[in-house]
Structures are given as structure tokens and as C-alpha cells.
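This report concerns only the one structure given below.
Derivation of every value follows stated rules applied to the coordinates shown; laboratory data play no part. Everything quoted here is computed from the prediction, not taken from an experiment. Here Cβ is always computed from backbone atoms with ideal geometry, including for glycine, and neighbour counts include all displayed protein chains.
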Amino acid sequence: MPKRRIWPQNIVTWSFRDPFHLLANEKSRRLVRSLIATAFALWEEALDGRLQFHEMTEANVKSDEVKKPPDVDIDILFARGAHGDNEAFDNMGGMVAHSEYPPKGILHLDADEKWSFDGSDGVDLRYVIIHEVGHLLGLRHSRRQSSVMGKYYRQLSSGMRLPSVDVQSIRKLYGLKQNHQNLS
């Protein structure tokens, strides 16, 4: 059986950077940062305080390359095509994001996708970030249809909440008791 890959510490830092200058303006960067913070808050709540996520805003200006800055645990950025790691993006469609399990802590989003910030038209960035943060925390793909960790992306069905199957999965991975009162 493969070793569980989880974050051993209680505080996990993250950064959102735009080293390729792919986002149009500061408003877009703030919106994406807000979606990322919301995704981390959902997983933090499911973990009942086992992990706390802290944004490292100064990391946004420390590095203009794809390599993860040494002062953050999780580094999130938009990229295009071949962008310096082993997983090149394929323009629009196909692979929309990729991430690594702990302790690598990288999440790259394909800048060539037609992203939706509210689930209306295009790839739902909220859903993708929630899904990829699940991987960043150590979760693999789920076969459960209701899971946000399914292999293929879809629209959020329960608003900005984690399905109960994902709450149970992350709690089990981190060795926490199941809290049936908080399950949706």
C-alpha cells in the first residue's frame, strides 16, 4: 500500500503568483486569489482545524519564474503550453490544471482555457480550484459521482460546499474522527 502523502505540519502556506503576466489586471488577480482562499477555507473547515492555510502575499513578488519559491508550501499560478515542468498544457480543452501531492505543493492552471468565475459559461474555476486543492492535500481521484474529486470536472452542484463524501475522505486521510453533524 502506498504511503499517505499529507502535510505533517498544522500551518500550510500558499501563494498565488502571475510570473507569466497572464492575468489582465489587478481585479482579475484579486478575484482568483479570493476563489483560492475560499477553496482553502472549505477544506480547512472539513479538517476541523487540523490544517490552517495562510497566504504568503510577499511571495507574489519574490519570484518571476515557474519554480516554486522556497518560502511557501503551496504555489499556485497560471501558465501556458510548456511552462518549465513535465506537464505542458494543450491550449484550450483537454488538461485544464495539474497539481502535486504533498510535499511538492504546486498547482498550475491553463491560462488558455475559457474560465468562468461563477459557473456560467466556460470551465468553472471555482470547481477546478477546489478539486486541485484536494490533490494538494493528498486526495486522489474518487469514483463517487457526488465527489468533487471525480476524475472529470463538472459544475458545482452544492454551491460552494464540499460534498459529504469529500469531507469524509479528507478527514479519514488525516486521521480525524468522522463528524456527521457537519456533513452536507
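Data overview
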{"quantity": "Conditions (1) assigned to a loop (DSSP other than H, G, I, E, B); (2) under 23 Å from LYS67 (Cα atoms): number failed by GLY94", "calculated": "(2)"}
{"quantity": "Residue count, segment 119-153 (criterion: more than 14 Å from LEU173 (Cβ to Cβ), of a type in the set (A, V, I, L, M, F, W, C), touching a residue at least 60 places away in the same chain (Cβ under 8 Å) and touching an Asp or Glu at 6+ places or on another chain (Cβ under 9 Å))", "calculated": "2"}
